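The values are calculated or read from the model by the stated rules, or taken from the named source; none is laboratory data. The shown structure was predicted, so the numbers you read here are calculated from the model rather than taken from an experiment. Glycine gets a Cβ as well: all are built from the backbone with ideal geometry, and neighbour counts include every protein chain shown. Remember, those area values only see protein heavy atoms, side chains included, never the ligands or the DNA or RNA. Shrake-Rupley method; radii C 1.70, N 1.55, O 1.52, S 1.80 Å.
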Amino acid sequence: MKSVARMVNVSSRYLRIIREVFVTASEIRSQPKNCLTSNGFEVVHEFLPQDTCSEYIALAQKYLHGYSYIVPAQFYENLANDSSKCFVHYRSEIKDVNKGMVQIINAQKLDSRISQLLTTVQKILEERTGEAIHPLGAIIQLDQPDTKTKRRLHTDGTEPGYKAFIYLTDVGSTKDGPYTVIPGSHRHILRKLINLFYVRWRTLNWRGEKLNRSDMFGDMLLFYNDEQSLPNLGNAGTMTLTNQLIVHRGGLNENPRWALILHFIPKAYWDGKPFSMWLREVEMSNNLVPETLRVSLP
C-alpha cells in the first residue's frame, strides 16, 4: 500500500509539472515579440556607469566577514514597509553547489539607489512582456574563483520569473565566469519535461543511486550541453535581462566576478511574501553578529 500511495503522490506531482510547463509556454507565446521574449534574454551595454559599479562593490565589502548573518535593521537606508530582511549568505555553509558564491540578499535595504533600479527595470520588463511585474529584491553577489562546484545547466523552476544580471566588474572572457544561456530555450516544452521527469526519477532511489548535487530539480541533464550555450560578455555596467525559464548557468570562473542581480516575478504569480530566499538557512546557522562587528559596520 505504501508503494501505491507513493506512486500516486509522485504521479500527482508529475501532472502538476506538466500543467505548469504548458501554461507558461502558452503565456510566453502570447507576449509581444521583441528580443527578450523571442530569445529569452536581452543584453543592454553601459546600463550603469562604472563608477557606480565600483561604489556597489565597496558597499558590499563592508558587510562581508566570512560567514552568514542577518544585517541589523539599524543599518537599513531604505525602510520600506515590505517586512523583508537584509542578510549575508555564504553558499558554502549550506550547499554543495556554487560554493564560491557570496550574496548580500535584499541589498536594496542598504542603498536607495538599488531600490530605484528595481523600479526602473520593472518598467522595462513590463514594456517588454506586456504584463504587470512585481520587483522581489536585489542581490549583490561575489562569485569567487570556482571551476568545480558551479551548478550545471538548469532552469529556475517551472513558473515564470525574470532577473536582471548587472556586471559590477568586467567580464571579458570565459575565465571571468559570464552568465551563460541557451537562446530560445525558454520556449522548449518536451525537452524540459523529459529532463524534469528524469531528474526526479533518479532521486526516488528506486535504483539505489544517490545524487551528489543538492540543486537538482531544475537541472537539464539531457539534450542540452555547454557547446550550445552563449556566454554573455561585457564590461562593468552591462545588464542582461532574462526569462528564468531559459536554460542557463553561471560560467566556471577562474577570476572573481561581482554582479548586482535584480529579481522579479509576474504579479499574477506573486504570493505576497517578502523576498527571503535562503533566509531560513541563515537563521538556522545561528551566526549572531558580535558586538565588535556591530560597532564596525557602516
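In a GNM of the chain with a 10 Å cut-off on Cα contacts, which of GLN50, GLN141, GLN228 has the highest mean-square fluctuation?
Judging by the Gaussian network model, the answer is GLN228.
GNM on the chain, C-alpha springs below 10 Å: top fluctuator among ASP271, ASP226, ASP156?
Of ASP271, ASP226, ASP156, the most mobile in the Gaussian network model is ASP271.
Tell me the carbon and sulfur percent of the accessible area for the chain, rounded to whole percent, probe radius 1.4 Å.
Details: 7660 of 14260 Å².
Carbon and sulfur atoms account for 54 percent of the accessible area of the chain.
List the residues whose amide H sits under 5 Å from the amide H of ALA236, counting only those 5 or more places along or on another chain, with H placed 1.01 Å from N in the peptide plane.
For ALA236, the qualifying residues are ASP170, VAL171.
Given bins 5 angstrom wide, list per bin the percent of all Cα-Cα distances in the chain, short to long.
All Cα pairs considered, the percentages come to 1, 5, 11, 15, 18, 17, 15, 9, 5, 3, 1, 0, 0.
Could you give the angle, 0 to 90 degrees to the nearest 10, between helix 50-61's Cα long axis and the longest principal axis of the Cα atoms of the chain?
That helix lies at roughly 90 degrees to the long axis.
Roughly how tilted is helix 112-129, in degrees to the nearest 10 and between 0 and 90, from the longest Cα axis of the chain?
Computed tilt is about 30 degrees.
If I model a spin label at ASP271 and GLU93 as a point 7 Å from the Cα along the Cα→Cβ vector, what separation in nanometres do I get?
It works out to 2.3 nm between the two label points.
Return one number: the angle in degrees, 0 to 90 and rounded to the nearest 10, between the long axis of the Cα atoms of helix 190-203 and the longest principal axis of the Cα atoms of the chain.
Roughly 90 degrees, rounded to the nearest 10.
Grab the DSSP H runs of the chain that are 4 residues or longer, score each as -39,500 (n - 2.57), total them, divide by all residues and round the 222 nm result to the nearest 500 deg cm²/dmol. Mind showing how you got there, number by number?
Values: 7 runs with 90 residues, N = 298.
Taking each H run of at least 4 residues, the total per residue is -9500 deg cm²/dmol.
Could you do me a favour and compute the accessible area per residue for the range 1-293, 1.4 Å probe, result in Å²? If you can, show how the numbers build up before the last one.
Working: 13900 Å² over 293 residues.
Each residue of the range 1-293 exposes 47 Å² on average to a 1.4 Å probe.
Taking DSSP loops as anything outside H, G, I, E and B, show the longest stretch in the chain free of GluC sites (Glu not before Pro) there with at most 16 other beta carbons within 10 Å. Walk me through the numbers on the way to the answer.
Numbers: sites that count: GLU46, GLU77, GLU131, GLU209, GLU254.
In the chain, the maximal stretch lacking such sites is 132-208.
For the pair TYR67 and ASN9, what calculated FRET efficiency results from E = 1/(1 + (r/R0)^6), where r is the Cβ-Cβ distance and R0 = 35 Å, to the nearest 0.05? Walk me through the numbers on the way to the answer.
On the way: r = 38 Å, r/R0 = 1.08.
Once rounded, the FRET efficiency stands at 0.40.
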